[in-house]
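As structure tokens, the structure follows; a few thoughts come after it.
The values are calculated or read from the model by the stated rules, or taken from the named source; none is laboratory data. For clarity, every value in this text was computed on a predicted model and none was experimentally measured. We place every Cβ from the backbone using ideal geometry, glycine too, and count neighbours over all the protein chains shown.
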Amino acid sequence: MNFINSFTLTGKQKEYLKDLTEKIKSIMSSSLYQHSINTLEYASTIAQKYLSDIEFFDLGVACILHDYGKVFNYEELVKIAKENELEVGSFELNSPLLLHSFVGDYLVLRDFNVSSSKILKAIKFHAIGYCNMNLADKILFIADKVEKSRNYNGVKKLRNLALKNINLCLLEVYKNNIIYIIKRNRFLHPDTVKIWNNICGGV
Ligand SMILES: [Fe+2]
């Protein structure tokens, strides 16, 4: 967690981020915990190039908690979404791989009392992105897919690209994601084309 010291956060903010990591350590599987910390670590490496300290605090919280929804199994997530009448569409409800993000914002508010709309939005859309993503959300989206435990062809190039050209990196990471899904004959989220065109500079 030393990398957090590269930012000028207040003592209270550092304490808060440390506390959050302790909490998720006791709740998550060790691999999910490690992925969350790795995402925070790589996001902080990218953020040092692009973000101010104030923005980093929100990004740090979002990184640590972005996969909290994965603590719950698919059936539990469906039940939570229905019982609480969350605004989750039928595609997401029927998507075991994506539902954790679309219920994640509700769970983070409920269980960690995080109410910042910026952080909640970052968590809700970390899996599929959205049009005109802000810089912090681009960083979370990328760090999630290129953190050090990720191991696929071209991941090192993407890690380096993130430090050189964040928008080009987002385009390459998004492209990889789409190819990964199609190769496995899985459904694409209906917003994917819209988001892809937006990232390409289209409509
Ligand atoms: Fe993740």
Among residues belonging to region 35-72 that are surrounded by fewer than 22 Cβ atoms within 10 Å (Cβ to Cβ), over 18 Å from Lys124 (Cα atoms) and β-branched (Val, Ile, Thr), point out the one that is nearest to the ligand (Cβ to nearest atom). Ile37
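What number of residues within region 153-203 satisfy the criterion of being hydroxyl-bearing (Ser, Thr, Tyr) and out of contact with any helix residue (DSSP H, G or I) (no Cβ under 8 Å at 6 or more places or on another chain)?
Total meeting the criteria: 1.
Residues that are outside any helix (DSSP H, G or I), of a type in the set (S, T, N, Q) and in contact with a Leu (Cβ under 8 Å, 6 or more places away or on another chain): does region 109-119 have at least one?
yes
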Scan region 71-87 and give yes if some residue there is of a type in the set (Phe, Trp, Tyr) and at pLDDT 95 or above, otherwise no. yes
Residue count, region 1-60 (criterion: outside any helix (DSSP H, G or I) and of a type outside the set (Phe, Trp, Tyr)): 8
Conditions (1) within 15 Å of the chain's Cα centre (by Cα); (2) within 16 Å of the ligand (Cβ to nearest atom); (3) assigned to a helix (DSSP H, G or I) -> Leu77 fails only (1)
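Just a yes or no: is a residue in region 21-30 under 12 Å from the mean Cα position of the chain (by Cα) and within 14 Å of the ligand (Cβ to nearest atom)?
Within region 21-30, the subset under 12 Å from the mean Cα position of the chain (by Cα) is none.
No, every residue in region 21-30 fails to be under 12 Å from the mean Cα position of the chain (by Cα) and within 14 Å of the ligand (Cβ to nearest atom).
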All but one of (1) in a helix (DSSP H, G or I); (2) touching a helix residue (DSSP H, G or I) at 6+ places or on another chain (Cβ under 6 Å); (3) more than 15 Å from the ligand (Cβ to nearest atom) hold for Ile142; which doesn't? (3)
Evaluate the following for Leu170: is it in a loop (DSSP other than H, G, I, E, B) and in contact with a Lys or Arg (Cβ under 8 Å, 6 or more places away or on another chain)? no
